[in-house]
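*Asks:* Before anything else, here's the structure in question.
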Amino acid sequence: MTTQFTSAPPTAEATRKARRRPEDSYAARGTRPGFLWALPATLFFTLFAIAPLIMVAVLSFMSWNGLGSPEFVGTDNWKRILDDPVMIRSIWLTLLLTALGVVLQTPLSIVLGVWAAGHQRNRAVLSAVYFIPLLLSATAVSVLWRALLDPNFGIPARMTWLFGDGNLFGEQATAIGVLAFVSTWQFTPFHTLIYQGAARAIPPVLYQAAEIDGAGRFRQFFHITLPQLRNSVVTSMILMIVGGLTTFETVLILTQGGPGTDTTISAYYMYQKAFKGFDFGAGAAIALCLVIAATIVSLIVVRVSGYDKMRSDMEGVS
Amino acid sequence: MSRMVAGGATLALAATLAACGSGSGGGSSNDGKIHVLVYGDSGNKIEKQIVDTFNKTSKVKAVLDTIPGADYQQKLQTIISTPQAPDIFFHWGGGSIKPFVKAGLLMPLDDFIKKDPNLDDKFLPTVYNSSVVDGKPYGIPMRGTQPVLLFSNKDVLDKAGVKQPGTWDELLDAVNKLKSSGVTPIALGGGDQWPTLMWFEYVYDRVAGPGLFEKALKGDKDAWASADSKKALGMLKQLVDAGAFGKNYDSVKYTNGSSPALVAQGKAGFELMGSWYYSQQQTDAKDFAAKGLGYGTFPTIPGGKGDASNVVGNTNNFYSVLKKTKHPEAVAEFLKLMYSDEFVKAQLSIGNLPTTTNTPQFLDESASPEYSRFQYDLVAKAKSFQLSWDQAYPQTAATPMHQAVQQFFNGQLDEDGFIQAMQALPTE
């Protein structure tokens with residue numbers, strides 16, 4: 001009987017230690033995951049990412065139409081690409097589309113995600129409906145919207161007060177608008193999902209405390225929810241930027257880079273040069289430009305967001 | 001970023017594939033058979049039948065390989081310089097085989113023709129010529145011809161009091177009348193760009209004759225800046241400005257059935273399209289194809305240098321032969337079947353129109369005899385049959401050409417801008 005009460009009830013500190021025990025024993029036995037564990041992934045990465053990247057770099061200094069052997073031409077492709085107004089504009093268009101994606105999708109998916117984090121039954125059903133666009137391939141989505149936006153047989157024909165003559169794909173501004181809209185339509189559900197998960201992980205005590213202090217829903221949202229979603233915002237934005245920079249199918253199917261070259265983004269321009277024009281050297285050079293642009297953008301995002309410091313806002317909360 | 005690296009990897013992989021010759025499609029030429037590579041679609045059943053016929057009598061057997069989908073040209077180019085290259089392959093003539101000729105991969109057919117003059121004489125010369133590169137024949141016509149025609153909706157035309165136009169002025173007049181009757185005068189799938197190109201091909205031919213384009217194709221950049229070229233552009237502009245194509249043609253596509261539907265449903269009067277339009281409408285709008293679909297030649301342009309009989313379009317499909325084939329005799333025998341009665345009858349039965357001299361004997365066996373006869377006479381009588389510009393030029397030129405054509409129509413390029421764009425096209 002007495003032995004049962006010799007120790008005090010377990011403190012929070014003790015519980016945390018107990019939870020850590022398996023990790024500690026790993027360390028004790030000296031089998032902490034080491035370099036060997038990373039070897040298979042590194043090998044695959046080298047084989048399928050680094051090596052091709054180097055080959056593309058080499059190819060960008062060659063002239064090759066797919067027949068016979070490539071011919072070394074020095075910086076010829078690079079000069080052509082860097083002098084090419086379409087190329088320069090394609091980078092800006094890519095960045096513009098990416099920025100539009102982030103600006104449109106982030107607020108929308110935060111609001112939807114936080115709303116969907118509630119527990120009522122109808123929310124689950126609606127959330128599932130929201131999720132459907134993500135299940136379709138980008139190709140299917142593009143074909144679908146191309147048909148829906150047909151000026152004579154689609155939505156614009158029924159809503160002339162909004163769409164005028166429906167020439168959405170014939171003008172640059174509206175064509176870019178359609179591209180941004182379609183990607184938003186497709187990818188918002190995914191980011192909503194991220195925010196839904198993150199919002200559910202916010203400790204309810206924070207809201208309870210805020211309520212006691214008399215904070216309303218808006219204050220709660222801006223002072224608790226949003227700051228707590230900080231890391232999710234960074235994650236989601238990085239994914240959006242990567243997705244935006246590599247957008248391809250939507251352009252291929254919806255606008256084919258048109259009207260003229262008005263929506264020719266870099267990834268599509270690369271495809272045009274390499275696989276439609278059989279100018280693989282120039283295609284490789286564009287691909288590398290895209291890699292460089294993307295690297296710069298991700299570095300900026302990582303820096304600005306503080307993602308590199310791996311800072312946590314959760315310290316001391318639970 | 002991983003996706004982008006993967007994109008780069010695809011490029012690199014395509015490079016390695018071609019370099020070490022492990023491309024897909026096609027078969028090895030070392031198995032004692034001849035491999036025939038064709039575009040994979042519903043037309044394949046006739047090609048299979050011809051291969052079977054050939055195999056009944058030949059010691060060296062033929063095998064039919066197909067590449068399905070729109071990537072035919074890309075995939076062909078990956079395998080053609082590898083050991084997996086076919087002996088005989090399908091193409092559209094013109095610029096599409098020039099790189100292969102230049103790389104020394106193709107066999108000139110002079111020797112075959114010397115032994116069997118029928119390999120030349122039995123085909124319509126206007127068609128045959130679009131597979132002649134540097135004065136040497138490289139292709140034997142197969143499948144059928146596809147001239148571009150001016151199609152119409154007879155009911156819509158009747159209501160507006162318009163006839164199938166014979167001259168440019170009649171066309172302009174028809175445009176005005178159709179406009180006031182509340183329909184789009186001419187349906188145009190500008191979103192696909194190549195349908196817009198067809199208008200340039202015809203107007204240039206009518207105004208300047210086929211010579212201008214031939215000169216330009218040979219590298220004479222001045223041709224594009226000539227007075228005839230400017231006149232043709234002025235007339236096109238006049239047509240666009242008259243509202244002939246409506247205001248949203250760049251958002252309309254042919255390939256998703258949208259522009260043919262405009263004509264079939266009576267929302268547009270005309271559409272300029274390849275001869276496959278007829279079977280397209282038969283599939284999409286059966287009743288309309290049977291009763292309401294009209295067709296005619298492109299209007300003449302008075303004062304123009306081009307003959308009224310000239311046509312443009314896809315002259316034909318062709319078979320070309322690889323230089324390194326191990327069985328040239330068998331290949332020559334196989335090609336002889338392309339002017340055989342059996343071949344012509346089989347092609348006609350599925351709606352294709354072969355361009356052999358014996359075709360007229362069998363026109364009644366066609367899927368639509370009247371239409372086939374009209375087409376055949378058109379092609380047979382044509383003084384010139386201009387292969388579509390985007391196929392006559394090298395592959396590299398297609399994208400910038402399509403862009404220039406679209407930009408001229410929607411006003412992004414003026415006359416000088418268009419001329420410059422065409423002058424910048426690679427001709428080699």
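The values are calculated or read from the model by the stated rules, or taken from the named source; none is laboratory data. Keep in mind that what you see is a predicted model, and the values were worked out from it rather than measured. Heads up, the Cβs are rebuilt from the backbone with ideal geometry, glycines too, and the neighbour counts pull from every protein chain shown. We work out accessible area using only protein heavy atoms, side chains counted, and drop any ligands, DNA or RNA first. Shrake-Rupley method; radii C 1.70, N 1.55, O 1.52, S 1.80 Å.
*Asks:* Of B:Lys218/B:Lys381; B:Lys98/B:Lys218; B:Lys115/B:Lys326; B:Lys305/B:Lys383; B:Lys179/B:Lys267, which sit over 21 Å apart, Cα to Cα?
*Replies:* B:Lys218/B:Lys381
*Asks:* B:Gln386's amide H: which non-local residues (gap 5+, or another chain) put their own amide H closer than 5 Å, with H modeled 1.01 Å from N in plane and none for Pro or chain starts?
*Replies:* B:Val311, B:Val312, B:Gly313
*Asks:* Shifting gears a bit: Return one whole number: the accessible area per residue of chain B in Å², for a 1.4 Å probe.
*Replies:* Per residue, chain B has 38 Å² of solvent-accessible surface.
*Asks:* Among A:Ala210, A:Ala198, A:Ala41, which one moves the most in a GNM of chain A with springs linking Cα atoms closer than 10 Å?
*Replies:* Of the options given, A:Ala41 has the highest mean-square fluctuation.
*Asks:* When you look at the Cβ of every residue in B:252-259, what mean number of other chain Cβ atoms sits within 10 Å?
*Replies:* That works out to 4 on average.
*Asks:* About the Cα centre of chain B, how large is the charge dipole given +1 on each Lys and Arg Cβ and -1 on each Asp and Glu Cβ? Please answer in debye to the nearest 20.
*Replies:* Details: 41 positive and 44 negative charges, 98 e Å.
That gives chain B a dipole magnitude of about 480 debye.
*Asks:* Another question, then. Taking amide H positions as placed in the peptide plane 1.01 Å from N, state which residues far from B:Gly294 in sequence (5 or more) or on other chains have amide H under 5 Å from it.
*Replies:* B:Ser152, B:Asn153, B:Lys154
*Asks:* Still on this structure: How about A:Lys79: which lysines have a C-alpha closer than 18 Å to its C-alpha, ignoring those fewer than 8 places off in the same chain?
*Replies:* Filter leaves A:Lys273.
*Asks:* In whole Hz and in residue order, list the ³J(HN,Hα) couplings for segment A:64-76 that follow from phi through the Karplus curve 6.51 cos²θ - 1.76 cosθ + 1.60, θ = phi - 60°; x for Gly and Pro.
*Replies:* With coefficients 6.51, -1.76 and 1.60, one gets 8, 10, x, 10, x, 9, x, 10, 6, 10, x, 8, 3 Hz.
*Asks:* How about segment A:154-173: which of its residues lose at least 30 Å² of accessible area in the presence of all protein chains relative to their chain isolated, using a 1.4 Å probe?
*Replies:* A:Asp165, A:Asn167
*Asks:* Heavy-atom accessible area of B:Lys122 with all protein chains present, probe 1.4 Å, nearest 10 Å²?
*Replies:* My reading of the accessible area for B:Lys122 is about 70 Å².
*Asks:* Mind giving me the FRET efficiency for A:Leu108 and A:Thr42? R0 is 45 Å, r the Cβ-Cβ distance, nearest 0.05 is fine.
*Replies:* 0.75
*Asks:* Another one. Per residue of segment A:170-185, in order, report the coupling 6.51 cos²θ - 1.76 cosθ + 1.60 (Karplus, θ = phi - 60°) as ³J(HN,Hα) in whole Hz, putting x for Gly and Pro.
*Replies:* Each residue of segment A:170-185 in turn: x, 10, 4, 4, 6, 5, 5, x, 5, 4, 5, 5, 5, 5, 4, 4 Hz.
*Asks:* Next up: Near the amide H of B:Thr167, under 5 Å away, which other amide H atoms are found, from residues 5 or more places off or on another chain, if H is placed in the peptide plane?
*Replies:* B:Thr300
*Asks:* Of all beta bridges DSSP finds with both residues in chain B, what is the antiparallel percent, to the nearest 5?
*Replies:* 60 percent
*Asks:* Please report the net charge: other residues with Cβ closer than 13 Å to the Cβ of B:Lys122, K and R +1, D and E -1. Write out the running numbers ahead of the final one.
*Replies:* On the way: positive: B:Lys336; negative: B:Asp116, B:Asp120, B:Asp121, B:Asp341.
Neighbour charge sum, excluding B:Lys122 itself: -3.
*Asks:* Compute the separation of the alpha-carbon centres of segment B:218-297 and segment A:182-248 and state it in Å as a whole number.
*Replies:* Distance between centres, Cα-based: 50 Å.
*Asks:* Just check chain A against the gyration tensor rule for me: Cα atoms, a ≥ b ≥ c as the square roots of the eigenvalues, rounded for a/c under 1.5, and otherwise prolate or oblate depending on whether a/b exceeds b/c.
*Replies:* Numbers: a/c = 2.83, a/b = 1.44, b/c = 1.96.
Verdict is oblate for chain A.
*Asks:* Under DSSP H, which helices of chain B have Cα atoms covering 20 Å or more of the helix axis and a Kyte-Doolittle average no less than 0.0?
*Replies:* Long hydrophobic helices here: B:2-20, B:194-208.
*Asks:* Sticking with this structure for a sec: Based on the Cβ-Cβ distance from B:Val63 to A:Phe221, what FRET efficiency comes out when R0 is 60 Å, to the nearest 0.05?
*Replies:* 0.30
*Asks:* Still on this structure: Taking the simple approach of a point 7 Å from Cα along Cα-to-Cβ for both A:Val125 and B:Ser349, what is their distance in nm?
*Replies:* Label-label distance for A:Val125 and B:Ser349, simple model: 5.7 nm.
*Asks:* Between segment B:114-184 and segment A:152-177, what is the C-alpha centre distance in whole Å?
*Replies:* 32 Å
*Asks:* A follow-up question, please. Sorted by packing (mean other beta-carbon atoms within 10 Å per residue), highest first, where do B:222-229, A:71-78, B:205-212 land? Present the calculation step by step, with values, prior to reporting the outcome.
*Replies:* On the way: B:222-229: 16.5, A:71-78: 14.6, B:205-212: 20.8.
Per-residue mean Cβ counts within 10 Å order the peptides as B:205-212, B:222-229, A:71-78.
*Asks:* Which FRET efficiency value, to the nearest 0.05, is calculated for B:Asp222 and A:Asp76 with the Förster distance at 30 angstrom and r the Cβ-Cβ distance? Write out the running numbers ahead of the final one.
*Replies:* On the way: r = 27 Å, r/R0 = 0.89.
Efficiency computed from Cβ-Cβ geometry: 0.65.
*Asks:* Moving on. Return the subset of B:Lys45/B:Lys336; B:Lys122/B:Lys253; B:Lys75/B:Lys323; A:Lys276/B:Lys253 for which the Cα-Cα distance in this structure is over 29 Å, preserving the input order.
*Replies:* Pairs exceeding 29 Å: B:Lys122/B:Lys253.
*Asks:* If each residue of separation counts as 0.36 nm, what is the full-extension length gain between A:Trp185 and A:Ile88 once their alpha-carbon separation is subtracted?
*Replies:* Taking 0.36 nm per residue and subtracting the Cα distance, the gain is 32.1 nm.
*Asks:* Which whole-Hz couplings ³J(HN,Hα) result when phi for each residue of segment A:128-138 is put into the Karplus expression 6.51 cos²θ - 1.76 cosθ + 1.60, θ = phi - 60°, listed in order with x for Gly and Pro?
*Replies:* 5, 5, 4, 6, 4, x, 5, 6, 8, 6, 4
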